[in-house]
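Read the structure below first, then the notes.
Nothing in this text is a laboratory measurement; each read-out follows from the coordinates by a stated rule. This structure is a prediction, so every number in the text was calculated from the model and none was measured. Cβ sites come from the backbone with ideal geometry, for glycine too, and all protein chains shown count toward neighbours.
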Amino acid sequence: MILDQDISVPPDLKFSSLRAGIQSTENYSRWLGNRYQGSMSYLSKEERVIKINDTSLLAEGSKSMIVFLLNYKKHTISREGYGKIASYASFKDYHKFFPDIIDEFMIKNELFLNGYKSYVDTGPILERGQARISSLGWVGKNSMLINQQLGSYTFIGVSISDLSLDSSFVPSPDLCGTCTRCIDSCPTSAINKDRTIDSNLCISYHTIENRGAIPKLVSDRMGDMLFGCDICNDVCPWNRQTKESSIPQVQDDVFSNKMKLEDIAFLDKESFDLNYKGSAIKRATFEGFARNALIALHNTGRDEIVKESSKRFSDLRREQAALLLEKS
Ligand code: SF4
Ligand code: SF4
């Protein structure tokens, strides 16, 4: 069955399919070999790597993988004193609504025989690589999947189906050309020549995944960034002409400018859970989020709050404050 014929698709969604089976994962192995994964050790677990290499092992009887792109482009403005968050963190956590969109599509179009299994960032799958080989775009120099119509502000989801499906492939050319805007704009030079990111230098990694203090080399270049980093997406010319998402959950801005930096610096777990319930920001943990706020306060000349917070808390805040206030 050729999948992308006779199926009507909403404008914010794109999909394609490919046969489940052995994949080329050379770049991934090299990335792990260079230890660019930072502290995310689960990424190199043997069981995970085996499944990444052979996608037919992801579910019993799997024949095809359907790859989805969901447009989440939106304009968010950060107010002074609140810190910047990545645009995807301004609305409800996409892990909570994207799987429903995939389910609806799979069921409506009867794209399985006995069952299917879906993943949104949760499985041993190299989503960008799968999207690239299923012709949904190319992996740009910023390491993001770029689709000619949607740009790179997309979430990638995957469904493993027991139905044999193909797409009428039109391979996506690499349209980065001689552009190097993302590389030139990255504040920490985290973008490698082979289109991978060195997590040890990436602001997005540190503000979300790092559970320790953020090294000065990175924190000095964070400005008032509080959660994630959109710079290498924002500067990409392929995002200039793309349309903003019409998905209601994406339009619903609930988390940007939620709390002032000076309040986050004194945040406890209870208020964090209350204020950021249902948000992707929860991934950072309350201590990590408060640590990020101290960095933003330091970088905007408000060390008196950094000092006060570090006096009051003996957690990660004190450790980060010591680094920030160290005389160089
Ligand atoms: S997310 Fe930010 S820090 Fe990370 S590679 Fe992109 S521009 Fe650099
Ligand atoms: S900014 Fe330029 S080099 Fe970077 S991903 Fe976009 S087109 Fe490619």
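Quickly run through region 199-216 and pick out the residues that are within 12 Å of ligand 1 (Cβ to nearest atom), assigned to a helix (DSSP H, G or I) and out of contact with any Lys or Arg (no Cβ under 8 Å at 6 or more places or on another chain).
Answer for region 199-216, where residues must be within 12 Å of ligand 1 (Cβ to nearest atom), assigned to a helix (DSSP H, G or I) and out of contact with any Lys or Arg (no Cβ under 8 Å at 6 or more places or on another chain): Ser204, Tyr205, His206, Thr207.
Quick test of your reading of the structure: Lys74 fulfils all but one of (1) part of a loop (DSSP other than H, G, I, E, B); (2) surrounded by 21 or more Cβ atoms within 10 Å (Cβ to Cβ). Name the failing condition by number.
Going through (1) part of a loop (DSSP other than H, G, I, E, B); (2) surrounded by 21 or more Cβ atoms within 10 Å (Cβ to Cβ) one by one, Lys74 breaks only (2).
State whether the residues of region 255-263 include one that is of a type in the set (A, V, I, L, M) and within 26 Å of Ala190 (Cβ to Cβ).
The initial filter retains those residues of region 255-263 that are of a type in the set (A, V, I, L, M), namely 259, 261.
Pick out the ones that are also within 26 Å of Ala190 (Cβ to Cβ) and you get 261.
Looking through region 255-263, at least one residue is of a type in the set (A, V, I, L, M) and within 26 Å of Ala190 (Cβ to Cβ).
Just checking, which of Ser219, Ser246, Ser279 is more than 9 Å from ligand 1 (Cβ to nearest atom), out of contact with any helix residue (DSSP H, G or I) (no Cβ under 9 Å at 6 or more places or on another chain) and small (Gly, Ala, Ser)? Even if it seems obvious, please write down each step before you answer.
Details: Ser219 fails: out of contact with any helix residue (DSSP H, G or I) (no Cβ under 9 Å at 6 or more places or on another chain); Ser279 fails: out of contact with any helix residue (DSSP H, G or I) (no Cβ under 9 Å at 6 or more places or on another chain).
Unique residue meeting the criteria: Ser246.
Restricting attention to region 181-198, which residues are near ligand 2 (Cβ under 9 Å from one of its atoms) and either among the small types (Gly, Ala, Ser) or not in a helix (DSSP H, G or I) (or both)?
Ser185, Ile191, Arg195
Going through region 217-235 one residue at a time, which ones are among the hydrophobic types (A, V, I, L, M, F, W, C) and out of contact with any strand residue (DSSP E or B) (no Cβ under 7 Å at 6 or more places or on another chain)?
Leu217, Val218, Met222, Cys229, Ile231, Val235
Specify the residue that is nearest to ligand 2 (Cβ to nearest atom); the eligible residues are those in region 154-175 that are in contact (Cβ under 8 Å) with a residue 60 or more places away in the chain, part of a loop (DSSP other than H, G, I, E, B) and touching a Leu at 6+ places or on another chain (Cβ under 8 Å).
The residue in question is Ser167.
With respect to the numbered conditions (1) surrounded by fewer than 19 Cβ atoms within 10 Å (Cβ to Cβ); (2) touching a Phe, Trp or Tyr at 6+ places or on another chain (Cβ under 8 Å), which one is the sole condition not fulfilled by His95?
Among (1) surrounded by fewer than 19 Cβ atoms within 10 Å (Cβ to Cβ); (2) touching a Phe, Trp or Tyr at 6+ places or on another chain (Cβ under 8 Å), the lone unmet condition for His95 is (2).
Is it true that Asp263 is of a type in the set (Asp, Glu) and assigned to a helix (DSSP H, G or I)? Explain how you work it out, then say what you get.
Working: of a type in the set (Asp, Glu): yes; assigned to a helix (DSSP H, G or I): yes.
Against the criterion (of a type in the set (Asp, Glu) and assigned to a helix (DSSP H, G or I)), Asp263 qualifies.
Keeping to region 257-287, report how many residues are within 22 Å of Gly223 (Cβ to Cβ) and under 17 Å from the mean Cα position of the chain (by Cα).
Of the residues in that region, 6 qualify.
How many residues, within region 135-153, are more than 10 Å from ligand 2 (Cβ to nearest atom), small (Gly, Ala, Ser) and surrounded by 23 or more Cβ atoms within 10 Å (Cβ to Cβ)?
Of the residues in that region, 1 qualify.
Any idea how many residues of region 232-243 are buried (at least 20 other Cβ atoms within 10 Å of the Cβ) and within 12 Å of ligand 1 (Cβ to nearest atom)?
3
So, Ala59, is that one crowded, with 19+ Cβ neighbours inside 10 Å and over 19 Å from the mean Cα position of the chain (by Cα) or not?
Yes: the conditions hold for Ala59.
Tell me, yes or no, whether region 274-288 has at least one residue that is of a type in the set (A, V, I, L, M, F, W, C) and surrounded by fewer than 17 Cβ atoms within 10 Å (Cβ to Cβ).
Yes, some residue in region 274-288 is of a type in the set (A, V, I, L, M, F, W, C) and surrounded by fewer than 17 Cβ atoms within 10 Å (Cβ to Cβ).
Quick one: is Thr207 surrounded by 19 or more Cβ atoms within 10 Å (Cβ to Cβ), polar (S, T, N, Q) and within 16 Å of Ser90 (Cα to Cα)?
So Thr207 passes the test.
Restricting to region 217-226, give me the number of residues that are part of a loop (DSSP other than H, G, I, E, B), within 22 Å of Ser256 (Cα to Cα) and either within 16 Å of ligand 2 (Cβ to nearest atom) or out of contact with any Leu (no Cβ under 8 Å at 6 or more places or on another chain) (or both).
3
Table: residues versus (1) among the charged types (D, E, K, R); (2) under 22 Å from Ser204 (Cα atoms); (3) assigned to a helix (DSSP H, G or I).
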{"position": "Arg291", "(1), (2), (3)": "yes, yes, yes"}
{"position": "His298", "(1), (2), (3)": "no, yes, yes"}
{"position": "Ile305", "(1), (2), (3)": "no, no, yes"}
{"position": "Ser310", "(1), (2), (3)": "no, no, yes"}
{"position": "Ser314", "(1), (2), (3)": "no, no, no"}
{"position": "Arg317", "(1), (2), (3)": "yes, yes, yes"}
